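Single-structure report; data block below.
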Amino acid sequence: MRLKNKVAIITGAASGMGQGEAIRFAKEGAKVVVADLNLEGAQSVAEEINAFGGQAIAVSVNVMKTEDILNCVKETEEAFGPVDILVNNAGVFDKYQKSLDTTLDQWSFLVNINLTSVFEFSNAVLPSMIERKTGAIVNIASVAGLVAGKGGAAYTATKHGVIGYTKHLSSEYAQYGIKINAICPGTIETPLVKDVLAGISKEPVPARRFGQVEEVADLAVFLASEEAKFMSGTAVTIDGGFTIQ
Ligand SMILES: NC(=O)c1ccc[n+]([C@@H]2O[C@H](COP(=O)([O-])OP(=O)(O)OC[C@H]3O[C@@H](n4cnc5c(N)ncnc54)[C@H](O)[C@@H]3O)[C@@H](O)[C@H]2O)c1
């Protein structure tokens with residue numbers, strides 16, 4: 001088991017990639033906090049994990065609220081001990097909305113969930129990681145954080161921001177043995193993109209298919225594990241080759 005007894009918070013873990021990561025982390029021996037706005041969904045994922053002999057709790061968190069983030073870290077520490085791994089996965093999509101069609105409210109909503117929450121959640125777990133000189137933060141960015149045209153204006157800006165913040169955070173805290181990296185998925189078949197999936201061609205993807213949740217979860221396990229201990233501030237693509245051309 002590659003994450004035995006590690007304490008992991010995964011945000012947005014009631015659905016899609018977060019759900020896949022929660023299950024995969026638990027199978028690798030991690031004690032998992034399924035953190036989501038959708039408490040019912042989070043509880044069902046935690047139940048599934050506990051049913052196969054893993055350890056998980058569900059915590060209701062709106063990542064836009066500072067008090068929810070602080071409370072989640074507190075509940076985690078009370079249930080399992082200090083946080084070893086944080087996966088900042090919760091995110092929302094803007095369905096390729098152009099800049100001129102984006103209102104300030106829509107922009108701020110995406111910035112808050114996709115970017116500001118990564119800053120706030122990271123700051124909530126870093127002091128303990130620094131003190132213990134260990135830890136891993138995995139930020140789920142996107143290929144939209146690397147190139148234009150893979151999301152709308154706000155989504156593209158927030159995901160570029162996540163990658164920039166990941167690099168910066170690493171430059172400050174890698175010296176304490178904390179691994180901080182980002183994952184840049186291409187199109188992955190999850191509820192987030194189900195409305196737009198039919199309109200996206202697989203032709204530009206060299207692998208000629210969309211990705212699966214389990215494939216991203218495998219990469220997240222690797223980046224959270226000891227195997228990745230010299231990886232710092234990277235943005236790893238998992239996109240079937242979508243961004244190579
Ligand atoms: N699916 C893709 O093709 C794709 C590609 C690249 C990156 N991503 C990124 O991967 C991450 C996960 O996406 P997904 O496809 O699994 O999405 P999803 O919609 O299936 O799951 C997102 C989860 O986040 C939760 N969430 C939303 N707002 C929240 C909030 N304010 N507080 C707490 N939880 C909240 C939702 O309840 C949901 O459970 C996102 O950051 C997304 O931007 C997705």
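Calculated accessible area for the chain comes out at 45 Å² per residue, all protein chains present (probe 1.4 Å; ligands, DNA, RNA ignored). Per-residue SASA remark: T134, around 40 Å² accessible (1.4 Å probe; ligands, DNA and RNA not included).
Working ranking of peptides 31-43, 120-132 by packing, defined as the average number of other Cβ atoms within 10 Å per residue, highest first, is 31-43, 120-132. Cross-link partners of K179 among lysines, defined as those whose alpha carbon lies under 29 angstrom from its own and excluding same-chain residues fewer than eight positions apart: K4, K6, K27, K31, K65, K74, K133, K150, K159, K167, K229. Beyond 31 Å, the tail of the calculated P(r) for region 7-238 holds 16 percent of the Cα pairs.
Apolar share of the accessible surface for the chain: 53 percent from carbon plus sulfur atoms, 1.4 Å probe.
Ordered from highest to lowest accessible area with the whole protein assembly present and a 1.4 Å probe, K27, K6, K65 read as K27, K65, K6. In this Cβ point-charge picture (+1 for Lys and Arg, -1 for Asp and Glu), the chain has a dipole of about 640 debye about its Cα centre. Computed across region 53-187, the Kirkwood hydrodynamic radius from all distinct Cα-Cα pairs reaches 15.6 Å.
Restricting to Cα pairs below 8 Å that are 6+ residues apart, what does the relative contact order work out to for the chain? Please round to a whole percent.
Here the relative contact order equals 20 percent.
The values are calculated or read from the model by the stated rules, or taken from the named source; none is laboratory data. The shown structure was predicted, so the numbers you read here are calculated from the model rather than taken from an experiment. Cβ sites come from the backbone with ideal geometry, for glycine too, and all protein chains shown count toward neighbours. SASA here: full protein model, heavy atoms, side chains in, ligands and nucleic acids out. Shrake-Rupley method; radii C 1.70, N 1.55, O 1.52, S 1.80 Å.
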